[in-house]
Amino acid sequence: MKSLRAVLLALTVIASVSCASTISSSYTTDVRLKDGKAVRCAVNEAAVSPPPGTPPLTLREKNEAEVLATQPLRLLSGPWSPYPDPDTAPMLSCYELPG
């Protein structure tokens, strides 16, 4: 079980590093919250209107979605980036995907 976790962790790190070089500072991404909800987030892009009838995210869901959506930016910016800029203080717009 521990070896499986180690392999999964290694694959996650490799995938994150390989994606970091291809991610710009503005993008749209879909994330899955730990409760199973699918959420779409626009990072450093014009605010995206959710589809009609989409329920608003709770504060906890919004915070979790924003943390997951900005992970590629944290890989790009590193610990010594200027503040504020689009990598360290991104504009975010998230909503739940239907279905």
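Residue 11 satisfies every condition listed in (1) part of a helix (DSSP H, G or I); (2) at pLDDT 85 or above except (2).
Take residue 83 and tell me if it is in contact (Cβ under 8 Å) with a residue 12 or more places away in the chain and of a type in the set (Phe, Trp, Tyr). Steps first, please.
Numbers: in contact (Cβ under 8 Å) with a residue 12 or more places away in the chain: no; of a type in the set (Phe, Trp, Tyr): yes.
So residue 83 does not fit the description; no.
Residue 17 fulfils the conditions (1) outside any loop (DSSP other than H, G, I, E, B); (2) modelled with pLDDT of 80 or more except for a single criterion, (2).
Tally the residues that are among the polar types (S, T, N, Q) and farther than 19 Å from residue 89 by Cβ, restricting the search to the stretch 56-68. Step through it out loud before you land on a result.
Keep residues of the stretch 56-68 that are among the polar types (S, T, N, Q), which gives 58, 63.
Within this subset, residues satisfying the condition of being farther than 19 Å from residue 89 by Cβ are 58.
Total meeting the criteria: 1.
If you go through the stretch 44-68 one residue at a time, how many are surrounded by 15 or more Cβ atoms within 10 Å (Cβ to Cβ), modelled with pLDDT of 95 or more and either of a type in the set (Lys, Arg) or within 20 Å of residue 24 (Cβ to Cβ) (or both)? So the count comes out to 4. Restricting the first member to the stretch 42-55 and to residues that are closer than 13 Å to residue 90 by Cβ and part of a strand (DSSP E or B), and the second to residues that are polar (S, T, N, Q) and modelled with pLDDT of 90 or more, the beta-carbon pairs closer than 7 Å and six or more apart or on different chains are 42/28; 42/93; 43/26; 43/29; 43/70. Filtered by the rule that a residue be over 11 Å from residue 70 (Cα atoms), in contact (Cβ under 8 Å) with a residue 40 or more places away in the chain and not in a loop (DSSP other than H, G, I, E, B), the stretch 31-41 gives 38, 39, 40.
Tell me, which residue of the stretch 69-92 that is within 19 Å of residue 36 (Cα to Cα) and buried (at least 18 other Cβ atoms within 10 Å of the Cβ) is modelled with the highest pLDDT?
Residues of the stretch 69-92 within 19 Å of residue 36 (Cα to Cα): 69-71.
Add one more test, that the residue is buried (at least 18 other Cβ atoms within 10 Å of the Cβ), and what stays is 69-70.
Numbers: 69: 95, 70: 92.
The residue in question is 69.
The values are calculated or read from the model by the stated rules, or taken from the named source; none is laboratory data. If you're wondering where the values come from, they're calculated on a predicted model, not measured in any experiment. Backbone-built Cβ (ideal geometry, glycine too); neighbour counts: all protein chains shown.
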